[in-house]
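The values are calculated or read from the model by the stated rules, or taken from the named source; none is laboratory data. Because the structure is a prediction, the values reported are computed rather than measured. Neighbour counts are summed over all protein chains in view; Cβ atoms, including those assigned to glycine, are modelled from backbone coordinates with ideal geometry.
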Amino acid sequence: MSKIKKTDQEWREQLSEEQYRVLRGRGTEVPFSGQYVLKSEDGMYSCVACGSELFSSDDQYESTTPGLIGWPSFAEASDNSAIELREDSSMGMSRTEVVCATCESHLGHLFDDESSPNGKHFCINSVSLDFKPKQADDKS
């Protein structure tokens with residue numbers, strides 16, 4: 001998979017101010033402010049910056065762990081090659097950052113979560129995602 005490389009100006013022109021702040025500035029959206037916090041439909045979540053498929057609604061769940069509530073929660077990525085995990089020691093914490101493998105946009109963080117089906121919690125910013133509902137005749 002080839003990487004998408006753009007200048008800072010190209011990203012600023014493509015993304016909204018909030019998307020740029022989160023995806024390129026490694027920010028975090030306000031809890032419960034995103035449109036994908038709760039699962040409502042079956043479908044696929046992709047990177048809003050490059051369109052790479054990242055997470056399936058089949059793996060979305062509602063975390064009950066304090067501090068992890070308020071953002072879309074996924075137990076796993078749809079394809080592990082679609083994301084990269086990086087060490088993040090910003091804000092005086094040791095965390096695992098989740099980035100899009102194609103465009104290197106910041107998506108969120110990976111945490112341990114006892115309320116997850118597999119103990120993993122991909123805590124992802126809604127603003128970094130685009131959602132495509134599953135079509136009624138879609139067999140996948």
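A few points about this structure:
- Only listed residue being among the small types (Gly, Ala, Ser), at pLDDT below 95, within 15 Å of Gln60 (Cα to Cα) and in contact with a helix residue (DSSP H, G or I) (Cβ under 8 Å, 6 or more places away or on another chain), chosen from Ser116, Ser78: Ser78
- Selection from the range 1-36 of residues that are touching a residue at least 60 places away in the same chain (Cβ under 8 Å) and either of a type in the set (Asp, Glu) or under 16 Å from Leu54 (Cβ atoms) (or both): Met1, Lys3, Ile4, Glu18, Gln19, Val22, Leu23, Glu29, Gly34, Gln35, Tyr36
- With a requirement of 3 or more residues that are more than 18 Å from Gly27 (Cα to Cα) and touching a residue at least 12 places away in the same chain (Cβ under 8 Å), the strands (runs of 3 or more DSSP E) lying completely within the range 55-140 that satisfy it span 129-133.
- Residues being farther than 15 Å from Val99 by Cβ and among the basic types (Lys, Arg) - total across the range 22-43: 1
- Residues within the range 1-40 that are closer than 12 Å to Gly108 by Cα, in contact with a helix residue (DSSP H, G or I) (Cβ under 8 Å, 6 or more places away or on another chain) and assigned to a loop (DSSP other than H, G, I, E, B), tallied: 5
A quick yes/no check of all residues on (1) closer than 12 Å to Asn125 by Cβ; (2) surrounded by fewer than 12 Cβ atoms within 10 Å (Cβ to Cβ); (3) of a type in the set (S, T, N, Q); (4) modelled with pLDDT of 95 or more:
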| residue | (1), (2), (3), (4) |
| --- | --- |
| Ile4 | no, no, no, no |
| Gln9 | no, yes, yes, yes |
| Val22 | yes, no, no, yes |
| Glu53 | no, no, no, yes |
| Thr65 | no, no, yes, no |
| Ser90 | no, yes, yes, no |
| Val98 | yes, no, no, yes |
